[in-house]
Amino acid sequence: MKKAGLIIVGAGAAGMMAAGTAGERGLDTLVIERNQRPGRKVMITGKGRCNVSNNLNSVQEIISNIPRNGRFLFSALNAFMPADIVEFFESRGVPLKVERGNRIFPVSDKAVDIVDCLAAYASRNSRMINERAVKLVITDGRVCAVETGDGNTYEADNVLIATGGLSYPQTGSTGDGYELAKQAGHTVIKPVPSLVPLEIHEGFCSALMGLSLRNVAIKVTDTEKNKEIYRDFGEMLFTHFGVSGPMILSASAHMRDMKSGKYRLCVDLKPALDEAQLDARILRDFAENTNKNFINALDMLLPKKLVPVIVKLSGIPMAEKVNQITKEQRQSLVTLLKNLTMTVTGFRPVDEAIITSGGVNVKEVNPSTMESRLVKGLYFAGEVLDVDAYTGGFNMQIALSTGRLAGLNVSKER
């Protein structure tokens, strides 16, 4: 096989975007993908619907949703904004729509439409082989070939690593890119789960398994520093191991050096009411149920599944008549409803994470081109880099933008 102008390792969102972009520039491009089909992880994003981006208009707004090395992505985001992503897919026959939270999805609600579009774009100007890249060949400070597990060596003027991270290993994201980067002398920040559910110490979570709460507020505190690190408003879900849901996943992106007890999660079950307003609301409910037992007087205030848990945590006997409940007891109930507190014991395993935090140290990558500062002709794009963002389409935005920027900047000259 003749030498390629560019070898791309990985046919995910970043790799396919880079392949199509570089191919349009006339580079002879070869994609090495370990899976039989490209875009395996893209297929399962957004619960199979693929949240391709977020409908924000400024780079700064997008960066504010990227807590890990967001400023590194300034050039990449400028090169391919959400509006550019919309134009890209719609001009190729995949109409998109904007949903709650500015999230952009295909009108069909099918991730396969996004994958097929990217695959068609990539294949128009590149070729793909189904092998696993295992080694970079570097000579005189420049990458010159890729070796595969099948014993083949493919020569190239440039190599782009776009293998993803460690999340969802069943899709092929098993950390191959980190090993290739290390071969080139790059520092790899230890990969950890991000956008991942949290395990909780308190046993009441399992009793609440399956309960979804909407319009609640959360606050996360680093107990070692006694510092609030995150707050949000929206949806969460109780599970057999702890908590999940959009807010929880985003909160996890702010938790570093996880260890049991380091982080405390407080849920405000009634954020629309301050304590005085909530107390007045409870008084009204109690007045309408004056002869009822306490456990039977909260149905208008809380989801049915939550009532016995709150009753137990409040310390008020479940059979206490509401007309016998003291002001002090009522105040403790208000405090509980505004501060349902849980102790985080850890992340769920990385194979349950949406993305990986950590990866190739961005200080060793040129943000204007995505080229390695250590090895000529070596580029990086997507989740293999030490960048990660909140839920809402921002991680797909990162993959597509960095893939685009790399494809635009791969040198055509040796």
Within the stretch 130-141, restricting to residues that are exposed (fewer than 15 other Cβ atoms within 10 Å of the Cβ) and touching a strand residue (DSSP E or B) at 6+ places or on another chain (Cβ under 7 Å), the one that is farthest from VAL159 (Cα to Cα) is GLY141
GLY393: passes all of (1) at positive phi; (2) at pLDDT 95 or above but (2)
*Given the structure, is LEU213 farther than 30 Å from GLY382 by Cα, in the same structural domain as LEU273 (by TED's automatic domain parsing), among the aliphatic types (A, V, I, L, M) and not in a loop (DSSP other than H, G, I, E, B)?*
yes
Filter the stretch 395-414 for residues that are of a type in the set (A, V, I, L, M, F, W, C) and assigned to a helix (DSSP H, G or I); the one that is farthest from THR163 (Cα to Cα) is LEU408
Subset of the stretch 240-282, residues more than 13 Å from VAL216 (Cβ to Cβ) and in a strand (DSSP E or B), comes to GLY242, SER244, TYR263, ARG264
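For every residue, the table says whether it meets (1) surrounded by 14 or more Cβ atoms within 10 Å (Cβ to Cβ); (2) at pLDDT below 95; (3) in the same structural domain as GLU235 (by TED's automatic domain parsing).
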{"residue": "ASP257", "(1), (2), (3)": "no, yes, yes"}
{"residue": "ARG264", "(1), (2), (3)": "yes, no, yes"}
{"residue": "ALA280", "(1), (2), (3)": "no, no, yes"}
{"residue": "PHE286", "(1), (2), (3)": "yes, yes, yes"}
{"residue": "ASN289", "(1), (2), (3)": "yes, yes, yes"}
{"residue": "MET300", "(1), (2), (3)": "no, yes, yes"}
{"residue": "VAL311", "(1), (2), (3)": "yes, no, yes"}
{"residue": "SER314", "(1), (2), (3)": "yes, no, yes"}
PHE74 passes all but one of the listed conditions (1) under 20 Å from the mean Cα position of the chain (by Cα); (2) part of a loop (DSSP other than H, G, I, E, B); (3) within 17 Å of SER401 (Cα to Cα); the exception is number (2)
Here the qualifying pairs (Cβ atoms under 8 Å; residues six or more apart or on different chains; first in the stretch 199-210 and under 11 Å from PHE241 (Cβ atoms); second surrounded by fewer than 19 Cβ atoms within 10 Å (Cβ to Cβ) and of a type in the set (D, E, K, R)) come out as GLU199/ARG348
Selection from the stretch 320-340 of residues assigned to a helix (DSSP H, G or I) and touching a residue at least 24 places away in the same chain (Cβ under 8 Å) yields VAL322, ASN323, ARG330, GLN331, LEU333, VAL334, THR335, LEU336, LEU337, LYS338
Filter the stretch 1-42 for residues that are within 21 Å of ILE114 (Cα to Cα) and among the basic types (Lys, Arg); the one that is surrounded by the fewest Cβ atoms within 10 Å (Cβ to Cβ) is ARG37
Check your understanding: Quick one: would you say ALA217 is over 22 Å from the mean Cα position of the chain (by Cα) and surrounded by 17 or more Cβ atoms within 10 Å (Cβ to Cβ)?
Key -> no
Residue hits (the stretch 1-44; more than 12 Å from LEU160 (Cβ to Cβ) and touching a helix residue (DSSP H, G or I) at 6+ places or on another chain (Cβ under 6 Å)) are ALA13, GLY20, PRO38, GLY39, ARG40, LYS41, VAL42, MET43
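The values are calculated or read from the model by the stated rules, or taken from the named source; none is laboratory data. Predicted model, so just to flag it, every value in this text is computed and none were measured. Don't worry about glycine lacking a Cβ; one is built from the backbone with ideal geometry, like all the others, and counts go over all protein chains shown.
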